[in-house]
1. Would you list, by chain and number, the lysines whose Cα falls below 22 Å from the Cα of A:K243, excluding same-chain residues fewer than 8 positions away?
2. Sort region B:42-157 into rounded, prolate or oblate with this rule: let a ≥ b ≥ c be the square roots of the eigenvalues of the Cα gyration tensor; rounded if a/c is under 1.5, and if a/c is not under 1.5, prolate when a/b is larger than b/c, oblate otherwise.
3. For a test of the definition: using alpha carbon positions, the gyration tensor, and the 1.5 limit on a/c, classify the protein assembly as shown as rounded, prolate or oblate.
4. For chain B, modelled as a GNM with alpha-carbon contacts under 10 angstrom, which of B:P38, B:P148, B:P241 fluctuates the most?
5. What percent of all Cα-Cα pairs in chain A falls in each 10 Å bin, counting up from 0?
6. Could you pull out the trypsin sites (Lys or Arg not before Pro) across region B:37-118 that fall in loop regions by DSSP (anything but H, G, I, E, B) with no more than 13 other Cβ atoms inside 10 Å?
7. With springs connecting C-alpha atoms under 10 Å apart, model chain B as a Gaussian network and identify which of B:I166, B:I150, B:I203 has the largest mean-square fluctuation.
8. Roughly speaking, what is the centre-to-centre gap between region B:1-53 and region A:63-112 when only Cα atoms are used, to the nearest Å?
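Values in this text are rule-based calculations from the coordinates and carry no lab data. Note that the structure is a prediction, hence the values are computed from the model and not measured. Quick reminder, even Gly has a Cβ in these numbers, built from the backbone with ideal geometry, and neighbours come from all protein chains shown.
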Amino acid sequence: MTDAVGAGEGRGFYSALVLRRQLILMGLALALALSVCTDLALGPASYNLGQVIEGLLWPGQVEDQVRVILWEIRMPVALMAVVVGASLSIAGVQMQTILNNPLASPFTLGISAGAGFGAALALAFGVALVPFAVDYIIPVNAFVMAMLTSLAIYGLSLRQGVSSETIVLLGIALVFIFNALMSLIQFFASQQAVAAVVFWTMGSLTKATWPKLWIALAVLAAAAPLLARRGWQLTAMRLGDAKAESMGVRPRRLRLEVLVIVSLLAAISVSFVGTIGFIGLVGPHIARMLLGEDQRFLLPGAALSGALILSAGSILSKIIIPGTIIPIGIVTSLVGIPFFLYLILNRRVATW
Amino acid sequence: MVSLTLNAVSAAYGGRQVLSGVTTPTLPGGQLVALLGPNGAGKSTLFRRIFGLLRGGGEVRVEGATVPRPLAYMPQDNGARPVMTVYESILLARMQGRGLRVTSKDHVEVERILDLLNIRALRGRHVGDLSGGQRQMVGAAQALVQNPEILLMDEPTSALDLSRQIDLLALLHRLTREQGLLIVVAMHDLGHALRFADAVMVIGDGSLVACGATGDVVTTDLLREVFDVAARIEPCSMGSPQLIVDGRANCLRANCQQIRRSA
């Protein structure tokens, strides 16, 4: 692939590389737009794409019923899939980058499991970790536990002699601890509460509302430029700490800064939609395979691919069994993982 | 012209002193300095201390620099395999601390360095697919593209074939002459040091054993005491001094004190 362009000028070779990546990003964005429209069209009342686009562009001209279904019921869910998919994927790509480990993701570092434990406390026993937020007790609990988990990882990474491998190991240990605690809760909780906990951990977009969407979007909009600003430094991290240092990057400081930002992204996401482990691991890998390490393309690429996977998952969750919305966490894993395995087993360039 | 002076420089790793009291005369630009010393003597530590990656006592003084970041450091290869072409990895080294927009001047610089090191043909290859020697050439390019006035290179020739070792060292030597750079190269090949280095610094057990003009420092005594080899330095038929190694000296580098006193 690269040999074919090897004969040209260095700059020409680089422009070709950049052009290809811009086209891939545009393709992903287009696919995402199509996916969101399809997502909006599907449901108990089915519309065609023309109706959806008309309802989106000229809401005044369509019937009230169509407008309410599109804008009030389906839009928050469809856009939540986009925002959460992008957030989890960005969190995953930066965790993989700063820890230089292909296994790092919000799920494997225990942030999702922590959130699940927080949610289970609320669902099973009505324990509110933050007393005043009664309406939002489940997401707030999940968020608090997810942030505490991140803080534990953050605290550990401050210690001398702790390598990035150690951090990943600690994350996996935390996953096991939280799983055990979840089992303990389910053992003591009522049958009804157990069902609620289990449903929460499957991940679901159906609880999305406009206010939740705005919160998630605000965090994403704040985090993305902060990460983009560190683009060259983050790209250099993939050359290894020693090489990055020699280019003027301070790996420890960068690692901490980025860990705080992505923890917030991941915590907000899982607290609103539950455990969707797959996106934060796979979105980044797909983006890296398509676009390479350069963060100027990898960061938006990871956001788009994560959003696309979750949006497509949302569509599939409605059409696999008509009339039933299968929890999104199940769909993305069952459909996405075979696709992911196909990709990593058939790739031409080693990405890790 | 730029110059580097070390004054009682020390460094510690987790409470253990790994470098102590390194004091050199002022090393002016326009020369190639070989940093010599056995494995584990503290060569890489000294580089990291000079470059500012390690804290410690003493003073690293850089004078006469005309750019904001006069130092560049080429660490030893760490075997990372990023999904990145050679061209991108060199551009990346140049873009650190700059905006996200790549200008045509950046491309001109990258292309100039590719040609300087004669690795233009590698530019589209992925860094992870390169051989050890090719990676070393890319590492040298990443350091040079930062346009340093003082360049610290940690064993840049260790994986190169003989002709490329000579090419690279000759290029570095030429850069010191043409651009007034001060280049400090850690190396194990004493023959190369004799041939290319204007001066040598010798490190043993975390302290400076000797520092001075190559011919004055690299002596039979030093080779025996620091490197534990019995060797001679004699002129070849062409008249240049050559190193002839007779074998191990087996004095287990008992002390470097004697040489340190006389240096």
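1. Here the lysines satisfying the reach criterion relative to A:K243 are B:K43.
2. Oblate shape, in that a/c is at least 1.5 and b/c is the bigger or equal ratio.
3. Prolate is the answer for the protein assembly as shown, as a/c is 1.5 or above and a/b outweighs b/c.
4. With Cα springs under 10 Å in chain B, the top fluctuation among B:P38, B:P148, B:P241 is at B:P241.
5. Reading upward from the zero bin: 6, 24, 32, 24, 11, 3, 0.
6. The qualifying sites are B:R55, B:R98, B:R101.
7. Comparing B:I166, B:I150, B:I203 in a Gaussian network model of chain B, the most mobile one is B:I166.
8. Cα centres, region B:1-53 to region A:63-112: 49 Å.
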